[in-house]
Amino acid sequence: MERQEVIDGLIEVLKTVRMIDPERLVGVTEETDFMKDLTVPSSELINIVAKVEQKFDIEFEDDDIDGLGSQVKDVVDLILKVKARG
Amino acid sequence: MAGYYDNGVHIENLCAVNPKDILIAYGPTKLLVDKYHWHSPKVGVVASYTPKAHDVEDHFGVFRGVDQIEAFVQATAGSLATFLECEKNGWAPTDMKDKLVPSFIGIGTVNFVSYLEEGDTFVMLGKTTYYKFKQMVCEGRIFKAPKGLDLDDYFKNFAEERLFKYDLGPEFTLVSALFDITGRAIDRSYFNR
């Protein structure tokens, strides 16, 4: 799976998050920060991660989430890592 | 096996626990749970607290609303998630203290309809609405309990169905309704960055 494909899928997930202004999703890059740039509350990040599991048909471990950063690239790296883990 | 072991003692549910032994990060003046009266590990809890003189100091004898919220998160997300993490990992709460920090990360809506004064025992009925990746969301109600009621006896046959309906007798007075009270156990290393 290519990184851009993952980013596109992630943006599809973010479009379903009521707390995110759709206008903020225009021009999302790997450096985009969920909390600073998309104003996602920290409590909502777990819900996004849960939606990502469904979207990409993967399952994260608690430890995967413990060290997760708040930028798009952090989630992309994690998705690819878990996909590779199989 | 349900529960966890603490110093060789099998803790099957929170009713067997003194709150200070599971909410171990809280000092004596900040711990706002006196006792657990009913607990179903993945469902919810009933706990109580009686405001002390120091809880109402400089606040005209009234227990602050913000402290009701704090008491509720301690009784629900703090206690329930610690119990489940200890069960899952085979830890005692003291083991968890070295690894995870229970953190209060969000509040939804809270409606206050009455108040509590020093010496007013209140019960917190809390249910888990979401638990994943060490993040727990709870909602519930706080009721002022009648003076002198034996709460252990009152809740000994309590059941999930009654919790879901907040089914208490008319002698209890609704004080507040709390929604989306969210806590998360965060890896201790995060705080050292």
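Read-outs throughout are calculated quantities, based only on the coordinates presented, and are distinct from any laboratory measurement. The shown structure was predicted, so the numbers you read here are calculated from the model rather than taken from an experiment. Virtual Cβ from ideal backbone geometry, glycine too; neighbours counted across all protein chains shown.
Which loop-located trypsin sites (Lys or Arg not before Pro) does segment B:1-37 contain, where loop means any DSSP state but H, G, I, E or B and the Cβ has at most 13 other Cβ atoms within 10 Å?
Here the trypsin sites (Lys or Arg not before Pro) that fit, given the DSSP loop and packing criteria, are B:Lys30.
For a label point 7 Å from the Cα of B:Thr29 along Cα→C-beta, name the residues of segment B:39-64 whose backbone N is under 19 Å from it.
Zone members listed by number: B:50-64.
Could you tell me the center-to-center distance, by alpha carbons, between segment A:9-32 and segment B:61-79 in angstrom?
Value for the Cα centre distance between the two parts: 35 Å.
How high is the relative contact order of chain A, given as a whole-number percent (alpha carbon pairs under 8 Å, six or more residues apart)?
36
At R0 = 41 Å, how high is the FRET efficiency between A:Glu61 and B:Ala16 if r is their beta carbon distance? Nearest 0.05 is fine.
0.85
For the protein assembly as shown, what does the helix formula give at 222 nm: sum of -39500 (n - 2.57) over DSSP H segments with n ≥ 4, over the residue count, nearest 500 deg cm²/dmol?
Working: 10 runs with 86 residues, N = 279.
About -8500 deg cm²/dmol.
Going by C-beta contacts inside 10 Å, put B:Arg141, B:Arg64, A:Arg18 in order with the fewest on the left.
On the way: B:Arg141 21, B:Arg64 15, A:Arg18 5.
Listing B:Arg141, B:Arg64, A:Arg18 from fewest to most nearby Cβ atoms yields A:Arg18, B:Arg64, B:Arg141.
Hand me the tally of lysine pairs in chain A: alpha carbons under 14 angstrom apart, and the pair either on different chains or 8 or more positions apart.
Taking the Cα cut-off of 14 Å, the pair count is 4.
Let me spell out the model: positive unit charges on the Cβ of Lys and Arg, negative unit charges on the Cβ of Asp and Glu, origin at the Cα centre of chain B. What dipole size does that give, in debye rounded to 20?
It works out to roughly 620 debye.
Run the numbers for A:Gln54 and A:Lys73: contour at 0.36 nm per residue of separation, minus the present Cα-Cα distance, in nm.
Additional length available on full extension: 5.0 nm.
Between A:Val26 and B:Ala53, what is the label-to-label distance in nm when each label sits 7 Å out along the Cα-to-Cβ direction?
The answer from the label model is 6.3 nm.
If the protein assembly as shown were replaced by its equivalent ellipsoid, with semi-axes equal to the square roots of 5 times the Cα gyration tensor eigenvalues, what would those be, largest first, whole Å? Working shown, then result.
Working: eigenvalues 281, 91, 57 Å².
Rounded to whole Å, the semi-axes are 38, 21, 17.
From the backbone phi of segment B:179-185, what are the Karplus-calculated ³J(HN,Hα) couplings (6.51 cos²θ - 1.76 cosθ + 1.60, θ = phi - 60°) in whole Hz, Gly and Pro given as x?
Going residue by residue, I get 10, 6, 7, 10, x, 9, 7 Hz, with x marking Gly and Pro.
Kindly put B:Arg184, A:Arg3 in sequence by how many other C-beta atoms sit within 10 Å of each C-beta, fewest to most.
Details: B:Arg184 23, A:Arg3 13.
Ordered from fewest to most neighbouring Cβ atoms within 10 Å, B:Arg184, A:Arg3 come out as A:Arg3, B:Arg184.
Dipole size in debye (nearest 20) for the protein assembly as shown around its Cα centre, Lys and Arg Cβ +1, Asp and Glu Cβ -1?
180
Within segment B:8-74, list the GluC sites (Glu not before Pro) lying in a DSSP loop whose Cβ has at most 16 other Cβ atoms in a 10 Å radius.
Numbers: sites: B:Glu12, B:Glu57, B:Glu70; in loops: B:Glu12, B:Glu57.
Answer by residue number: B:Glu12, B:Glu57.
Which whole-number percentage describes the relative contact order of chain B, with Cα contacts under 8 Å and a sequence gap of 6 or more?
After rounding, I find 25 percent.
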